[in-house]
């Protein structure tokens with residue numbers, strides 16, 4: 001059997017999952033009783049899994065999530081304002097396909113960023129594009145891109161990603177330029193893509209934080225319409241973790 005040329009051909013076609021499965025089949029006799037079709041099906045399944053894993057890894061790398069997080073790791077034992085039925089619904093990611101937003105508020109350490117990143121991770125799992133930004137860093141990047149002539153290209157990237165996560169909303173006052181940048185981003189995404197916002201500020205204080213009335217009205221209209229709201233509460237999860245480690 002011309003095993004080596006077959007392996008080289010599979011590698012040339014970048015079918016590395018099939019290569020691994022083929023090599024495993026050659027190393028043991030347990031597959032000998034299978035038909036050709038059954039062994040081929042195993043090779044194809046392995047390749048599909050390998051390709052899905054590579055695609056997920058690439059999506060997660062491009063997403064640049066602020067922290068490793070997963071929906072199944074959320075702490076639902078503590079009463080923090082997390083609704084199980086809502087989380088189950090959000091885990092399907094149908095809200096992204098319907099171009100809805102998610103607004104997460106709560107005190108420092110309540111788990112806002114973790115929940116946002118968990119939703120981002122879940123979105124990557126189901127094949128959607130995700131991008132995470134801390135709002136302050138995003139404004140800095142936009143300022144740099146404006147100076148380098150990449151501003152419109154950066155806005156296009158922000159408009160195209162299926163889920164944009166804006167973390168730490170409302171930490172510092174906005175400049176006029178930042179308000180207009182924010183409106184540009186949200187206008188491009190309104191009714192077309194989905195956005196997650198995390199903030200220590202309750203939603204009813206966002207208008208005041210945004211400042212200029214006309215721009216604030218426009219920004220709020222594009223965010224709050226058709227948005228799921230999650231208000232986290234309770235003691236800081238970071239403090240609880242530190243306390244648990246101290247007890248050990």
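Each value in this text was obtained by applying a stated rule to the coordinates, not by laboratory testing. Every value quoted in this text rests on a predicted model; they were computed, and no experiment measured them. Positions of Cβ are backbone-derived with ideal geometry, glycine not excepted, and every protein chain shown enters the neighbour counts.
As I understand it, the value is the acute angle between the Cα axis of helix 151-160 and the longest principal axis of the Cα atoms of the chain; what does it come to in degrees, rounded to 10?
Orientation of helix 151-160: about 70 degrees from the principal axis.
Calculate, in nm to one decimal, what residue 89 and residue 39 gain on full extension: separation in residues at 0.36 nm each, minus their alpha carbon distance.
14.2 nm
Helix 135-147 versus the longest principal axis of the chain: what is the Cα-based angle in degrees, 0 to 90, to the nearest 10?
90 degrees
Which log10 I(q)/I(0) values does the stretch 1-131 give at q = 0.16, 0.17 Å⁻¹ under the Debye formula, counting every alpha carbon as one identical point scatterer?
With no solvent term, the Cα-only Debye profile gives -0.85, -0.90.
Sketch the reach of a paramagnetic label on residue 52 as a point 7 Å from Cα along Cα-to-Cβ, and name the residues of the stretch 114-130 whose backbone nitrogen lies under 18 Å away.
Output list for this probe position: 121-129.
What does the C-alpha gyration tensor say about the overall shape of the stretch 3-62? Classify as rounded when a/c is under 1.5, otherwise prolate if a/b is larger than b/c, or oblate.
Verdict is prolate for the stretch 3-62.
Helix 16-26 versus the longest principal axis of the chain: what is the Cα-based angle in degrees, 0 to 90, to the nearest 10?
30 degrees
Sort 137, 80 by Cβ crowding within 10 Å, fewest neighbours at the top.
Working: 137 12, 80 19.
Starting with the residue having the fewest Cβ neighbours, the order is 137, 80.
Can you match Cα extents along the principal axes in Å to one of these, (1) 63, 40, 35; (2) 75, 47, 41; (3) 76, 53, 33, based on a calculation from the structure here?
(3)
Sort 108-119, 125-136 for me by packing, meaning the mean count of neighbouring Cβ atoms within 10 Å per residue, highest on top.
Going from most to least packed, we get 108-119, 125-136.
How many angstrom lie between the C-alpha centres of the stretch 115-158 and the stretch 172-202?
Centre-to-centre (Cα) distance: 12 Å.
If I model a spin label as a point 7 Å beyond the Cα along the Cα-Cβ vector, how far apart are those points for residue 144 and residue 14 in nm?
Each label point lies 7 Å from its Cα, and together they span 2.9 nm.
Go ahead and estimate [θ] at 222 nm for the chain from helices alone: -39,500 (n - 2.57) per DSSP H run with n ≥ 4, summed, over the residue count, rounded to 500. Don't skip to the end; give the middle numbers.
Working: 12 runs with 140 residues, N = 248.
Computed mean residue ellipticity for the chain: -17500 deg cm²/dmol.
When a footprinting reagent is the concern and you count Cβ atoms within 10 Å, what order do 225, 100, 4 take, fewest first?
Going from sparsest to densest Cβ surroundings: 4, 225, 100.
Based only on other Cβ atoms within 10 Å, what is the fewest-to-most ordering of 213, 102?
The order, fewest Cβ neighbours first, is 213, 102.
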